[in-house]
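Structure record follows, encoded as structure tokens.
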Amino acid sequence: MVKIAPSVLSADFGILAEQVGEVSPEADWLHVDVMDAHFVPNLTVGPPVIESLRRHTELFLDCHLMMTDPGKYLEAFKHSGADGCTVHVEVGQTAELIAQMRDLDLKVGLAANPDTPFDLVAPYLDRVDLLLCMTVFPGFGGQEFMADVMAKVAMARSEIDRRGLSVELQVDGGVDEKTAPMAARAGATVFVAGTAIFHCPPSWEAARRIRHAAQAASGVERLERESGR
């Protein structure tokens, strides 16, 4: 099932509640990019913004923690209203961070940068709720989709299916109605889009176009996979 997760990093923060309300009819989740200016060369939002968002929406708040030391802040994100947090395998202490998120009753996500091999995340697939394959190098919105990452998405989809796991497979970076079908055919289920939604008003209509494009490609991919069994 295709899920659309608009990234509020691309929204107008001066009217954030209004923009969230506008896109909500076509959003399944809201994606919140948290950057610490250390793990990535940018600084964005923290728990206070999550708390503000929580007062204005009941959507699942999907917090992508691009941070060198996310463990110090997981409890704060939980208390601010986050539903799930995604940490990067590149920062290390992956098993400990997964356990900490479970203890906090957060949905557990694990992210991998475009040049991070699938082998580094594969051992944790049975412990997470979501695997995020970055389709750009994290740090800034508006980057070009990296189609080469689709090989890793396809490997993840194959392994998730082979092991019968209930793991969402997310892509983030350069996702729009043209690139979403590529990711859907590779097996992605959650599509994060920022610029392609909030910079293409009305945002709900842009989100709907991405959903329809991904759904069409996902249906074809599923039929092809089933026919090959």
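Here, each number is a calculation from the coordinates, and none is a lab measurement. Worth saying up front: this structure is predicted, and the values here are computed from it rather than measured. All Cβ positions, glycine included, derive from the backbone under ideal geometry; neighbour counts span all protein chains shown.
The table for this structure:
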{"quantity": "Cross-link pairs beyond the 26 Å C-alpha cut-off, checked among Lys72/Lys152; Lys3/Lys72; Lys107/Lys152", "calculated": "Lys72/Lys152; Lys3/Lys72"}
{"quantity": "Reduced Cα scattering model of the range 33-94, Debye log10 I(q)/I(0), q = 0.13, 0.21, 0.30 Å⁻¹", "calculated": "-0.31, -0.78, -1.35"}
{"quantity": "Interchain or long-range residues, amide H under 5 Å from His88's placed H", "calculated": "Met67, Ala111"}
{"quantity": "Per-peptide average of other Cβ atoms within 10 Å, ordering 152-161, 50-59 highest first", "calculated": "152-161, 50-59"}
{"quantity": "Value of Rg/Rh across the range 74-217 [Cα atoms, Kirkwood radius]", "calculated": "0.97"}
{"quantity": "Value at 222 nm in deg cm²/dmol, rounded to 500, when DSSP H runs of n ≥ 4 in the chain each add -39,500 (n - 2.57)", "calculated": "-10500 deg cm²/dmol"}
{"quantity": "Qualifying aspartates and glutamates (Cα of each under 12 Å from Cα of Lys178; at least 8 residues distant if same chain)", "calculated": "Glu144"}
{"quantity": "Cα extents of the range 1-152 along the three principal axes, largest first (Å)", "calculated": "41, 36, 34"}
